[in-house]
Amino acid sequence: MRYANIKYYDIANGLGVRTSLFVSGCTHRCKGCFNETAWDFDYGQEFTGETIEKLLDSCRPSYIAGLSLLGGEPMEPANQRALLPLLKRFKEQYPDKDIWCYTGYVYETELLDHAGRARCEVTEELLGYIDILVDGRFEQELHDISLKFRGSSNQRVLQIQKEGCPELYPVNRQSGDMA
């Protein structure tokens, strides 16, 4: 796997101050995507053990709330396999910090469903480490800058480690407004 960028002290991609990893590679190709350069799986730098150590070290200060994964597309199967060791180590070292993941895939149909497009042999384990999942493709015609932690009104912010998978910021599916 390759990655496009790492943002330290990021306050835009989850609650609190975070470290954000922007992976390379995305097959969605959403019109209006803010990060088109990261669509290419060969873009950026190689993701190595040294990269994992830098990411983990950057999360050490108590004021860092957690780690955010963005893209590209972290839930592309090839990226899931590469991210799993990072997430395992992160949760071992920082059990009280959270992991946010932004994906264009829909949680129930493309990640949980065994026939889902993004499902692979590590999906279930990887999802077990993710606390908050922002799901759904970016849809330019539904773009709304007033939404919290998402770009278009079809996307959801899900607490996937909570029973029943409640939405943190519920959306009225008819109007796209916050409920």
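The values are calculated or read from the model by the stated rules, or taken from the named source; none is laboratory data. Since this is a predicted model, take the numbers as computed values, not measurements. So basically every Cβ, Gly included, is an ideal-geometry build from the backbone, and we count neighbours across all protein chains shown. Accessible surface is based on the protein model in full, side chains and every heavy atom, while ligands, DNA and RNA are left aside. Shrake-Rupley method; radii C 1.70, N 1.55, O 1.52, S 1.80 Å.
Side notes on the structure shown:
- When Rg and the Kirkwood radius Rh are both evaluated on Cα atoms of the range 1-160, their ratio Rg/Rh stands at 0.93.
- Cα-based shape type of the range 97-140, given that a ≥ b ≥ c are square roots of the gyration tensor eigenvalues and the cut on a/c is 1.5: oblate
- Of the chymotrypsin sites (Phe, Trp or Tyr not before Pro) found in the range 61-170, those that fall in a DSSP loop while having at most 11 other beta-carbon atoms within 10 Å are Tyr63.
- The portion of the accessible surface of the chain made up by carbon and sulfur, rounded to a whole percent, is 50 (1.4 Å probe; DNA, RNA and ligands excluded).
- Among the listed pairs Lys7/Lys31; Lys7/Lys97; Lys31/Lys54; Lys88/Lys148; Lys7/Lys91; Lys54/Lys88, a Cα-Cα separation exceeding 21 Å is found for Lys7/Lys31; Lys31/Lys54; Lys88/Lys148.
- Of all stretches in the chain that contain no trypsin sites (Lys or Arg not before Pro) in a DSSP loop with at most 15 other Cβ atoms within 10 Å, the longest one is 32-116.
- Pairwise centroid distance, computed over Cα atoms, of the range 44-63 with the range 126-163, Å: 24
- 15 Å beta-carbon shell around Tyr8, net charge (K/R +1, D/E -1): +2
- Neighbourhood charge, 10 Å Cβ-Cβ cut-off, centred on Met75 and excluding it, Lys, Arg +1 and Asp, Glu -1: -2
- Per residue, the accessible area of the chain comes to 50 Å², computed with a 1.4 Å probe over protein heavy atoms only.
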